[in-house]
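The values are calculated or read from the model by the stated rules, or taken from the named source; none is laboratory data. None of these values were measured; they are calculated from a predicted model. Reconstructed Cβ throughout: ideal geometry from the backbone, glycine too, with neighbour counts over all protein chains shown.
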Amino acid sequence: MRKTNTIITLGFAFILVFSVLSTISPVAKAAGPCTETTYANGQLFCIFIAKIIANPSPGLLATAEPLYIASYSLPDGCGTGNPTNCGAETLPSGYQPLCNPCFHGGALNKFPYHDHVISGAPGFGNHGTAGVMKGPWFLILIAYNPTHSSTLTFTPLKSTSAIVTGESSGDFLQLNPGASNPYEINTGVVIIFGVQPLG
């Protein structure tokens, strides 16, 4: 992967979020095959979108946990205006992103290769339940530094604590220069979804 998403991210971050909200079809409960997955505390889980809140109350935001969209650079030959040019990508380390690629239309096509990372899931004590965890989570956009993700020893960060450490280690691009955390774009959008173990 050689094309960096830095400029695209700065120009399209907000549009991307709107595109995501416009194209996801919420479901009332977990059902059917797993079509979206997320990392939580180093493990992989299924997610089922239940509700999207574009203008959450301050109280809801205060109780929400982060949902990271960790994007990867575009591979050579991938023109997002024509998704047929973008096939499954394997990084030099052998890793394949969870969304590899995911095209849902609109500005979301600018970030087709990405992982989801949340802070908790069923069975993780205070951050989980024995059943279906519903969140809420607020959406944060981050982007891997291609000098890091293109190494032979790269492994994705699979927990929110690892992402925080990775931001201070140069694993991510600065998407929001001048902000208190220049590595993140906090969209302010809250998403509530069910989280269940695979299988």
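Summary table
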quantity	calculated
Given (1) closer than 17 Å to GLU36 by Cβ; (2) at pLDDT 90 or above, index of the condition GLY94 fails	(1)
Subset of region 151-167 that is modelled with pLDDT of 95 or more and of a type in the set (S, T, N, Q) - its residue that is nearest to ALA64 (Cα to Cα)	THR165
Residues being crowded, with 18+ Cβ neighbours inside 10 Å, more than 19 Å from ASN41 (Cβ to Cβ) and not aliphatic (A, V, I, L, M) - total across region 162-173	1
Residue match in region 129-147 (condition: aromatic (Phe, Trp, Tyr), at pLDDT 90 or above and either touching a helix residue (DSSP H, G or I) at 6+ places or on another chain (Cβ under 6 Å) or over 22 Å from CYS34 (Cα atoms) (or both))	yes
Hey, SER180 modelled with pLDDT of 80 or more, among the polar types (S, T, N, Q) and assigned to a loop (DSSP other than H, G, I, E, B) or not	yes
Positions within region 46-71 being small (Gly, Ala, Ser) and either touching a strand residue (DSSP E or B) at 6+ places or on another chain (Cβ under 8 Å) or at pLDDT 90 or above (or both), in sequence order	ALA50, ALA54, SER57, GLY59, ALA64, ALA70, SER71
